[in-house]
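A.B. asks: The structure follows.
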Amino acid sequence: MGSSGDGGERSRAENPAPRPTPTSRAASLLRSPATPPSALTPDPPGALPEDTFGARLDAAINTRGLALERVCERLRGAGIALSPSTLSLWRHGRSRPRRNEAMRAVAELENVLRTPRGYLLDTLVRSLPAHHWSARTETEDPVQRVRAEMGLDEGDTVQRLLVHHRVDIDPQHRPIGVRIRRVLRSTRETVSRLGVASHGTEGVPLELVPGHGSRVGRQRSWPERGLLFTELLLDVPIAPGRIGALDYTVRPLERPAPSGDLEGGYIVHTEFPVSTIVLECRFPVGALPASAASIVRSREATARSSAEHAVDVGRDGIAAVVAHGIDEGSVRLGWTWGAA
């Protein structure tokens, strides 16, 4: 079991077991804190239709009784630039919001038009394609394709300051969950959603549980690969130059059979620069591994790439490795269990 995150980070445990397939979920952004408290109270749903995004937006505008110019003026008051012509195209179904900034504008429209939370955003999330890319027909990495399909190829739009993975191992040597924290700085545009890829071994579906500050949007699952890709929607978008934190947990839906392997490990990959990676494994104090070692690989630090370093497993059951300035590479923590 393992996970990977925004902008090309990937990680996995090296001795997971199969799980049942998770279901897809849809969720929406929370309201922007820049909106006045009076605008946060939605009007009763009344006769608002359960229809397409355009029909919902048109009905919400008519119900609120605001001219398009007035709606855009209120959006500008929340720091969002949207033209009346664009709003008209959305309203009449001639175009749809897709990019991060547009999705943030839709979240703020729910405030301005006083709709129930998610009334506009949920329709966008549910209506976008939900392909299942089979390992038998997809030759390239399916995560990259889905990332592009969802418009979540962040690239250099975020600076990755910290990636912290905490892996919990049970007394039967089974990984039972990974808690992940990412600290990011937006570099060029407001970031309201991020993509997270969770990896296991073949036939090992996983579940992602968002922490405080985010919700699950669209998901793709490849059970034959033990792979799950999740769109996380941020409650508070990260404005350019600002720093935000993202927390979530990746875990199996059921406990696997106890592992009889004498070796185990967990690895974090990144395709983009990360200032600091912390990989922490927690073992039960009554079932500590006999030894542990780390390997750090980075494109810009080849001299240390082949070196394996012993890692102390404390009496509290914690083994950890900290790596700085990883340009493109990986951090691995492996361990060996004593003979039974």
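Every number here is computed from the coordinates shown, using simple stated rules; none is lab data. Because the structure is predicted, anything quoted here is derived from the model rather than measured. Backbone-built Cβ (ideal geometry, glycine too); neighbour counts: all protein chains shown.
A.B. asks: Multiply the residue gap between ARG96 and SER83 by 0.36 nm, knock off their C-alpha separation, and tell me the result in nm, one decimal place.
C.D. replies: Numbers: separation 13, 0.36 × 13 = 4.68 nm, distance 1.38 nm.
Stretched fully, the ARG96-SER83 segment lengthens by 3.3 nm.
A.B. asks: Round to a whole angstrom and tell me the spacing of the C-alpha centers of region 209-281 and region 307-340.
C.D. replies: That distance is 19 Å.
A.B. asks: Further question on the same structure: Could you calculate the FRET efficiency of THR276 with ILE176 from 1/(1 + (r/R0)^6), where r is the beta carbon distance between them and R0 is 35 Å, rounded to 0.05?
C.D. replies: 0.85
A.B. asks: Moving on. If r is the Cβ-Cβ distance from VAL236 to THR336 and R0 is 51 Å, what FRET efficiency results, to the nearest 0.05?
C.D. replies: Result of the calculation: an efficiency of 0.75.
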